[in-house]
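We did not get these values from a lab; they are worked out from the coordinates using the rules stated. Worth saying up front: this structure is predicted, and the values here are computed from it rather than measured. Methodologically, a virtual Cβ is constructed for each residue, glycine included, from the backbone with ideal geometry; neighbour enumeration extends over all protein chains shown.
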Amino acid sequence: MVAPLVVPLLIVTAGGLVVGGKGLVDKFQARSIAVDAKTRHDVAVSSLSDVQSVTQEIVEEYGLNQLHAQRDTIGRFADWLENHSHLVNRLDRRIVDGVQVHVPSIPKLKFEVEQARIGLAGGFGALGAAASAQGAALWGVSTFAAAGTGTAISGLSGVAATNATLAWLGGGTLAAGGGGMAAGAVVLNMIMFAPGVLIAGLTVGVLGAVEKTKAVKYASEINISIEHVETASARLLAVRTRITELRTVLSRLVALGEASLDELERQDFDPDEHGRLFLNAYQLITAIAEVIDTPVTDPETGDPTDISVKIVEKYS
Amino acid sequence: MTSSKRIPDITSLGKVAPDRLGVSGNQLYLGQLATQVITAIDTWVKVVQGETTRRVEIRVWEATQRESIIAQRDVLIKGLDLTFDERRETFRRLFNSLDDAMKAEDAQIASDVLEKIADLAKSSPFKDLGNVQFVVDELKKGERTWTV
């Protein structure tokens, strides 16, 4: 005869293992979700870094254009003025030196504290259940069951009560076709083991579910951060276009300004006769200065407030 | 006997003296066990259901956030493309006008055109970026009449 408690104990144990297994799968999935998200973020940031490097080179080249225009073209006009006995206030204009991209650091995945709390509670619960289960089962059997002889076990005492209880747990005495006391001892251990496994399994299940949610939240925040990073890449490309525009305008104005200065310098200057030439050069120099002063990005409106990746220009 | 080493001494079990409430220690064990198991199962069910719901909510939140960011980016890119194209064409026309004015030695027109060139260069193509969210919101409303 199969011991009466074996099947339910196996079901309880199997239930605990299944739930615990699901919890472990959730925990592994959580780790995987978090690692994948971090990897994708690293790739996105690396890609942004590549775009920034190219943009940086373009900005530096434009900075050289600004420097050249400031020193050679505007400086040449200032020299001409000083050579013609005029006071000159030479402004020290800022030269753009690069762009910086500030990507906010990604949040860290934290579940250690809560994990430890739940784990400890579950561990104590499992130990408590194991301790309680054996005592409770023995009490129930010795109180309500009958020995193989038909005598109520509650009426026995000492070794007889022990033997009868174990024999009952083992499915009856060996003589009656049961597992006897040895099987009863095994079942007694199972009684201690099964609820512990169930509660431990449920605890792991809870831990796994919580951890998976945290990982999903972490991955979501990272995915949003990645979108911001991709927006920053698009904006860096726009900054390149803006620099190309400024370079084109500056170089055309510088070419016109240099030609105008060439003509002005060729003259034995007479304000009445060559006033138009001077005005022409002065207008161009003023326009060049204004373009040099123009920021590459717009500090007031260039950064939408809800975009967390900041792009700012640097000056030498 | 070797089996006596493996078999626990349980001779006193089931014989625990009743306490003041008339409940034996092993009855308490049974109550404790039932409470622990039921509490653990209840917690597991609640946590698993709650966490599943939270994960769905998080994914919906993420999708909404990403949709908004992507919409803003699309408007940004499209808007900048159009802006830069328009500015490029305007610069081309202004420089042609400047060439003409300089050839004609018309200082006044040259001055005006240079001022326009400098103003256009100074005006940031990014100036409307701060309004992207507003434009996106207006587009989403669908109730606004766009005058064109």
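Brief remarks on what is shown
- Residues A:LEU24 and A:ALA152, FRET efficiency given R0 of 51 Å [Cβ-Cβ distance, rounded to 0.05]: 0.65
- Counting Cα-Cα pairs of segment A:156-305 in 10 Å increments starting at 0 gives whole-percent bin shares of 9, 15, 11, 10, 8, 7, 7, 6, 7, 6, 5, 4, 3, 1.
- Database remark: amide H of A:ASP97 closer than 5 angstrom to the amide H of A:LYS314, A:TYR315, A:SER316 (H placed geometrically; neighbours at sequence offset of 5 or more, or on other chains; Pro and chain starts carry no H).
- Between the C-alpha center of segment A:134-173 and that of segment A:197-273 there is a gap of 80 Å.
- Normalised Debye scattering of chain A at q = 0.08, 0.12 Å⁻¹ gives log10 I(q)/I(0) of -0.64, -0.91, counting only Cα atoms as equal scatterers and leaving out solvent.
- Filter on A:LYS38/B:LYS78; A:LYS22/A:LYS217; A:LYS214/B:LYS78; A:LYS27/B:LYS46; A:LYS22/B:LYS46 - keep pairs with C-alpha separation over 27 Å: A:LYS38/B:LYS78; A:LYS214/B:LYS78
- Each Lys or Arg adds one and each Asp or Glu takes one away; over the other residues whose Cβ falls under 12 Å from the Cβ of B:GLN108, this sums to -3.
- Taking other C-beta atoms within 10 angstrom as a stand-in for reagent exposure, A:HIS68, A:HIS102, A:HIS41 fall in the order A:HIS102, A:HIS68, A:HIS41, fewest first.
- Burial ordering of B:LYS122, A:LYS27, A:LYS108, fewest other beta-carbon atoms within 10 Å first: A:LYS108, B:LYS122, A:LYS27
- Paramagnetic label reach from A:ARG31 (point 7 Å along Cα→Cβ; backbone nitrogen cut-off under 16 Å): within segment A:167-206, residues A:204-205.
- FRET efficiency for A:ALA121 and B:VAL60, using Cβ-Cβ distance with R0 set to 41 Å, rounded to 0.05: 0.85
- Gain upon complete extension [A:ASP79, A:ALA175; 0.36 nm per residue less C-alpha separation]: 22.3 nm
- Here's how it looks for A:ALA152: its modeled amide H is under 5 Å from those of A:ALA147, which are all 5 or more places away or on a different chain.
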